[in-house]
Amino acid sequence: MAAVSYVASVVCRKAAVVRTTCKGISTAAQPHIDFLKGEVHRKHPGVSKLKTLRLPETLQTHACQILHKAQVARLTDRANLLKNFLWSRKRAFESVTLQKKAMSLEKELRERAIKKGYGLDEQLLEEQIRKKVLFELRRTTYRWTPLKYDEELGLVYMAARLAGCYAAVRRAVNEIKKRDPLFAPQTLLDFGSGLGTVVWAAHSCWSESLKEMVCVDSSGPMNILAEKLLKGIEERGEPCIKQVYFRQFLPVSPKVQFDLVTAAFTLSELPGVKDREDAVLTLWRKTNSYLVLVENGTKEGHQILMEARETLLKTQDKIVYDIRPASVFAPCPHEIMCPKLVLGSVMPCNFQQMHHPLALAGHNMPQTEKFSYLILTRKEPTDVDTEGVSWSRLVAPVQRRARHVHCRLCSPDGHLQHIVLTAKKHGRDVYRCARSSDWGDRVPIIPKDDSDIQTDSE
């Protein structure tokens with residue numbers, strides 16, 4: 001028995017040596033790129049999605065106190081209706097688009113009348129065609145109207161969107177916090193500030209450095225409500241976040257810049273393309289480091305952000321006080337036209353963040369906020385990405401399988417790709433990072449060959 005035990009122990013030791021040697025050969029075969037920066041795989045530098053968020057305790061308390069005191073009739077039902085309305089909201093039709101549509105309908109109706117050989121008087125035919133065109137335009141054209149928030153509608157909006165807006169903005173600014181840890185903004189400008197959720201989200205990231213926060217919203221009642229959320233129901237209470245200033249108009253001087261400029265769910269409330277273009281250019285002039293734009297994760301929201309992206313990357317501004325050009329910081333890993341727009345994808349480029357809703361009756365379960373965002377910067381790419389690795393963005397949930405994962409990515413070359421990652425082909429670190437990542441995170445892709453890459457054709 002002793003001899004058998006001895007032989008078994010020798011065999012085990014030799015097997016261990018063989019395994020170690022093979023592991024060393026396998027590891028040596030893979031190119032070593034230190035992109036982890038000492039982090040574990042589940043917290044690699046590309047992770048930006050947050051765990052299920054809660055509103056700051058003070059904000060939650062103040063919001064519940066204000067709503068309880070106001071006693072708004074049918075608050076829950078009205079909040080749900082408003083939330084659905086805002087989600088389905090589309091852009092206003094441009095007059096040029098309407099004219100083209102009217103001309104196309106008129107041509108189609110006239111050709112149809114000629115083909116059927118109606119013996120109508122020319123003037124009568126034109127009158128009938130005009131009536132049909134107007135009827136069709138009224139039936140099919142989206143009726144966009146501006147929203148005007150009074151005190152009561154502001155309270156309904158608070159119940160509907162406070163938690164979701166906070167979650168989306170907090171997730172967006174967290175990417176700056178994670179990827180540019182040296183960035184310590186002292187000034188903030190929030191355009192279309194609404195309930196002031198950007199102030200709370202920015203304060204949670206840079207409370208020590210922020211010295212001045214300017215909130216601009218054309219609605220006086222919304223500004224008053226946002227100030228109440230800072231002070232609570234006590235009229236003479238001190239705001240829990242200092243140096244927050246509310247305005248109804250943007251600062252006049254174009255030379256005044258802010259370290260961080262934001263516009264969350266605001267561009268979609270502007271009536272036309274020219275209004276959005278002017279607003280984006282104005283905000284960019286006031287940006288010293290980062291401009292953050294957030295919209296609903298719908299096709300409309302995504303296209304509005306792509307309009308803004310095109311404006312800032314391609315349009316030559318007539319007024320230039322800061323010559324540093326715009327570059328895309330997130331989520332796009334490139335500055336080419338969005339591949340989802342090129343392919344005519346039905347699905348927009350959007351992301352999601354889990355959050356706990358405002359603690360009202362019937363609102364207890366965590367919810368998902370689906371949003372689109374765009375961050376542009378005046379900084380050089382080397383200022384914020386020093387790892388020397390090309391990162392791709394996950395644009396869909398990771399599908400985890402036995403010893404491999406399916407990743408759908410937007411890559412730095414401007415294409416959508418479906419990559420099957422394995423430890424053998426791509427290296428243990430890349431594989432484990434991808435397996436630990438989620439929709440919206442960035443992953444380093446180092447393909448060994450083209451056999452595992454498929455170009456998406458949504």
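Points worth noting:
- When you count the other C-beta atoms within 10 angstrom of each residue and take the mean per peptide, 45-54, 156-165, 141-150, 66-75 line up highest first as 156-165, 45-54, 66-75, 141-150.
- Stokes-Einstein translational diffusion, the chain - Kirkwood Rh over all Cα pairs, 1.567 mPa s, 4 °C, in µm²/s: 51
- The mean accessible area for residues of the chain, using a 1.4 Å probe and ignoring ligands and nucleic acids, is 54 Å² per residue.
- Taking amide H positions as modeled 1.01 Å from N, with prolines and chain starts lacking one, the residues under 5 Å from residue 329 and 5 or more places away or on another chain are 375, 376, 377.
- For the stretch 148-202: relative contact order, % (alpha-carbon pairs under 8 angstrom, 6 or more apart): 49
- Most positive-pole-ward Cα, 396, 194, 63, against dipole of the chain from beta carbon charges: 396
- Only Lys, Arg (+1) and Asp, Glu (-1) charged, at Cβ; the stretch 390-445 dipole about Cα centre in debye: 320
- Measuring with a 1.4 angstrom probe and ignoring ligands and nucleic acids, residue 93 comes out at about 80 Å² accessible.
- Membrane-span-like helices in the chain, defined here as complete DSSP H runs extending at least 15 Å along the helix axis by their C-alpha atoms with mean Kyte-Doolittle hydropathy no lower than 0.5, are 2-29; this is a sequence and geometry rule, not a statement about a membrane.
- Looking at the chain alone, DSSP beta bridges between its own residues are antiparallel in about 65 percent of cases.
- Shape call, the stretch 230-360: gyration tensor on alpha carbons, a/c limit 1.5: oblate
- Rounded to the nearest 20 debye, the dipole magnitude of the chain is 1520 debye, with +1 charges on Lys and Arg beta carbons, -1 on Asp and Glu beta carbons, and the Cα centre as origin.
- Ranking 178, 116 from most to least accessible surface, computed with a 1.4 Å probe over the protein chains only, gives 116, 178.
- Partner lysines for residue 100 [C-alpha distance under 17 Å; skip if fewer than 8 residues away on the same chain]: 131, 132
- Pair-distance distribution of the stretch 158-305: all C-alpha pairs, bin width 5 Å, starting at 0; shares per bin in whole percent are 2, 9, 19, 24, 22, 15, 7, 2, 0.
- When shorter helices are ignored and each DSSP H run of at least 4 residues is given -39500 (n - 2.57), the per-residue value for the chain at 222 nm works out to -14000 deg cm²/dmol.
- Phi angles across the stretch 316-332 convert, under the Karplus curve 6.51 cos²θ - 1.76 cosθ + 1.60 with θ = phi - 60°, into 3J(HN,Hα) values of 8, 5, 6, 10, 10, 10, 10, 7, 5, x, 7, 9, 7, 9, 6, x, 5 Hz, Gly and Pro given as x.
- Positive-end extreme of charge dipole, the chain - chosen from 306, 184, 347 (charges on Cβ): 347
- A cut-off of 5 Å between modelled amide H atoms, ignoring neighbours fewer than 5 places along the same chain, links residue 266 with 294.
- For the stretch 285-319 versus the stretch 79-115, the inter-centroid distance based on Cα atoms is 25 Å.
The values are calculated or read from the model by the stated rules, or taken from the named source; none is laboratory data. Predicted model, so just to flag it, every value in this text is computed and none were measured. Cβ coordinates were reconstructed from backbone atoms using ideal geometry, including for glycine residues, and neighbour counts include every protein chain displayed. With ligands, DNA and RNA removed, areas are computed over all heavy atoms of the protein, side chains included. Shrake-Rupley method; radii C 1.70, N 1.55, O 1.52, S 1.80 Å.
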